[in-house]
Amino acid sequence: MNMNFLTSTMELTRTDPAHIGTAPLTSVQPGNSTSETKSTKKKSDFENFLLSAMDQMNAQQLESSKMSEKILTGEEDIDIHDVTTAMAKAQMSLSLAQTVIDRIISGWNELSTTR
């Protein structure tokens, strides 16, 4: 797993001179379309990390399903211990993903209520 996101710093867009940071000030007008800024903005390291983690979790789920299907149909000689290990890995990654999503949502709710 790539942990480069921990060492890099991310800067938020500053719209108020009182906000801390070194990023240049930008003006955000109410009613402006944010689709232009989203299309020109590149993905952040955190977003890339979350997307790659979700891809890995999905791959583990698919691998577990394929192995279960192969052992049930008997098309290949697969050890039951390999299937059990794959299912445990898939369950663990799904549980971890659910925990991360719950923590992100609760963190967002805390931030939005403290405004």
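The values are calculated or read from the model by the stated rules, or taken from the named source; none is laboratory data. Since we're looking at a predicted model, the values are computed, not measured. Cβ placement follows ideal geometry from the backbone for every residue including glycine, while neighbour counts extend to all protein chains displayed. For accessibility, only protein heavy atoms count, side chains too; no ligands or nucleic acids. Shrake-Rupley method; radii C 1.70, N 1.55, O 1.52, S 1.80 Å.
Has the stretch 89-101 got any residue that is touching a Ser or Thr at 6+ places or on another chain (Cβ under 6 Å) and open to solvent by 70 Å² or more (accessible area, probe 1.4 Å)?
No, the stretch 89-101 contains no residue that is touching a Ser or Thr at 6+ places or on another chain (Cβ under 6 Å) and open to solvent by 70 Å² or more (accessible area, probe 1.4 Å).
Give me the pairs: first residue in the stretch 57-73 and closer than 9 Å to ALA90 by Cβ, second residue charged (D, E, K, R), beta-carbon distance under 9 Å, and six or more apart or on different chains, which are they?
These pairs meet every condition: GLN60/LYS89; GLU63/LYS89; SER64/LYS89.
Each row is one residue, and each column tells you yes or no for (1) exposed (fewer than 13 other Cβ atoms within 10 Å of the Cβ); (2) at pLDDT 90 or above; (3) more than 22 Å from ILE104 (Cα to Cα).
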| site | (1), (2), (3) |
| --- | --- |
| THR13 | no, no, no |
| ILE20 | yes, no, yes |
| GLU75 | yes, no, yes |
| ILE78 | no, no, yes |
